[in-house]
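Visitor: Supplied in structure tokens, the structure appears directly below.
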Amino acid sequence: AACAAALVETAVERRGNDGGDNNNGDRDSGDDEKMPTPNEMFVATLAALTAVQTALENKQQQQQQNDDPATMMQEQSSPSMNDTASELENTVIPLLEILRRILPYVANYGNNRGALLAHQLGTVSRSLRLFVAMAYALPAGTPDGKHGRKKRLNNNDGNNHTGAASGANALLRQILKTTTTLLLVPPSSVSEKDVAKLLHGTIIPMFHDARPKVRKAAWGCATEIVIAASASHSASPSIASSMEHDPVPEHVVAAHSQHKKRVADFLWEYCQAVLTSKRKSGGGGAMGKESSTKLMHVLRFLAASLPFADDERIRVKFGEVCLVLVGGAGMGDNDDDDRDNSGEAGGNRQGEAVSMGMVREVMLTLLSCLEQTEKEQESMENENNIVVDGSVERELPKFAARALAFLLQHRLNMEDSSYASMGDVTVAYGRCLLSCMERMLGLGSSPAAEMLAMKLLP
């Protein structure tokens, strides 16, 4: 509240310095002159963020000018780090939240077609990416993002970084929310290059953050983008808010829908690149472990977001990759290799557990590609809305037939039941088989696929 009041005062004061004449948004003659327009609040918020950023950068440069390693270590352990985290948490986070709430009004088509946001998008993007770098410069705490009571009690040397770590976590999650809003409401004149730079500098790096809260927040924001892209028939907030007053041209609505789909395509392209690189590189060594971790994170995101994909061909594409991974071409360390290298059936239990965990994630992602979504189930209740002879509707049944044949040929090895996650893998495997049957027996499948499914169902 204090931050918002200060911004309002700054915006009104700046308007007075400009002579009271401004073109920042629409204002009725009866409006209170003390209330700033969204554009004025946007300019004031962006100026405040830039000022805080400049101050923090100057502070870091002063600390780096000291060439004495012992002094540098002392400064890194001094309360100055907690002061930086406190400034980020108490100043930057409220400013970013205010910016997130202002963006739909600044991008409003009735607000000069969002010209101000289109002009300042590069500045906003650069600020968000710099704050991401500042947040990662702070200590991250424990890998699981928790600071136990025992650890807090042991930090009696005055160098407790718990506050700095919590501030970094909160800042990253706020950056994710602001970035998601910015990606979904920009004017149609924004270039794809700027959008890709913003996405790859904020949300995508946090896909693999060591802190579960930050990582899951990144997956949630990316899934929100996928859902918004799937609902192409509905207008974005910046479009819908202006429809109440002035009609928006159809080409503008179409441009916004295409923009959201393109942002989602950037996410799919990144996931495809991770899956392909893992399949080509294989496992082993530090790089193999890092790529396996990235693969695990991407698979978990895909398992949650693929049911919302607007094009069935996206689900088929990732389903094909899952079949390759199940076949062992891209798993890196699989169970058979571990047993062969160890020379006995027991093998390397740790390596086998990791491998089975990876198989479980692949099977769950494959299940997301095959299962019927709520939207498809609603459509099946009204057969008149289903185009049985359409090429798109027939792709998933065809893929289900290929997946069923592949899964039956690559049965799971149940001889060794010592794997902790074998039960989960078995359940996912069975659900994939049933989903294949359901697809092959559903509308849009060929008579041959239906006959095959009826024979194999018992």
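The values are calculated or read from the model by the stated rules, or taken from the named source; none is laboratory data. Everything numeric in this text was worked out from a predicted model, so none of it was measured. Backbone-built Cβ (ideal geometry, glycine too); neighbour counts: all protein chains shown. The accessibility values were calculated without ligands, DNA or RNA, using every heavy atom of the protein model including side chains. Shrake-Rupley method; radii C 1.70, N 1.55, O 1.52, S 1.80 Å.
Visitor: Out of all the residues in the stretch 254-263, is one or more in contact with a Phe, Trp or Tyr (Cβ under 6 Å, 6 or more places away or on another chain), in a helix (DSSP H, G or I), at pLDDT 80 or above and open to solvent by less than 10 Å² (accessible area, probe 1.4 Å)?
Guide: Here is the first cut: in the stretch 254-263, the residues in contact with a Phe, Trp or Tyr (Cβ under 6 Å, 6 or more places away or on another chain) are none.
No, the stretch 254-263 contains no residue that is in contact with a Phe, Trp or Tyr (Cβ under 6 Å, 6 or more places away or on another chain), in a helix (DSSP H, G or I), at pLDDT 80 or above and open to solvent by less than 10 Å² (accessible area, probe 1.4 Å).
Yes or no, residue by residue, for (1) modelled with pLDDT under 75; (2) under 30 Å from residue 184 (Cα atoms); (3) surrounded by 21 or more Cβ atoms within 10 Å (Cβ to Cβ):
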residue	(1), (2), (3)
56	no, yes, no
64	yes, no, no
74	yes, no, no
102	no, yes, yes
119	no, yes, no
127	no, yes, yes
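Visitor: Within the stretch 202-222, which residues are open to solvent by 20 Å² or more (accessible area, probe 1.4 Å) and assigned to a helix (DSSP H, G or I)?
Guide: Pass one, the stretch 202-222, residues open to solvent by 20 Å² or more (accessible area, probe 1.4 Å): 205, 208, 210, 212-213, 215-217, 219-220.
Within the stretch 202-222, 205, 208, 212, 213, 215, 216, 217, 219, 220 qualify.
Visitor: Can you tell which of 141, 163, 167 is part of a loop (DSSP other than H, G, I, E, B), among the small types (Gly, Ala, Ser), at pLDDT below 85 and out of contact with any Phe, Trp or Tyr (no Cβ under 8 Å at 6 or more places or on another chain)?
Guide: Numbers: 163 fails: part of a loop (DSSP other than H, G, I, E, B); 167 fails: part of a loop (DSSP other than H, G, I, E, B).
141 is the lone residue from the list that is part of a loop (DSSP other than H, G, I, E, B), among the small types (Gly, Ala, Ser), at pLDDT below 85 and out of contact with any Phe, Trp or Tyr (no Cβ under 8 Å at 6 or more places or on another chain).
Visitor: Only one residue in 236, 241, 232 is in contact with a Leu (Cβ under 8 Å, 6 or more places away or on another chain) and modelled with pLDDT under 80, so which one is that? Step through it out loud before you land on a result.
Guide: Values: 241 fails: in contact with a Leu (Cβ under 8 Å, 6 or more places away or on another chain); 232 fails: in contact with a Leu (Cβ under 8 Å, 6 or more places away or on another chain).
Being in contact with a Leu (Cβ under 8 Å, 6 or more places away or on another chain) and modelled with pLDDT under 80 holds for just one of 236, 241, 232, which is 236.
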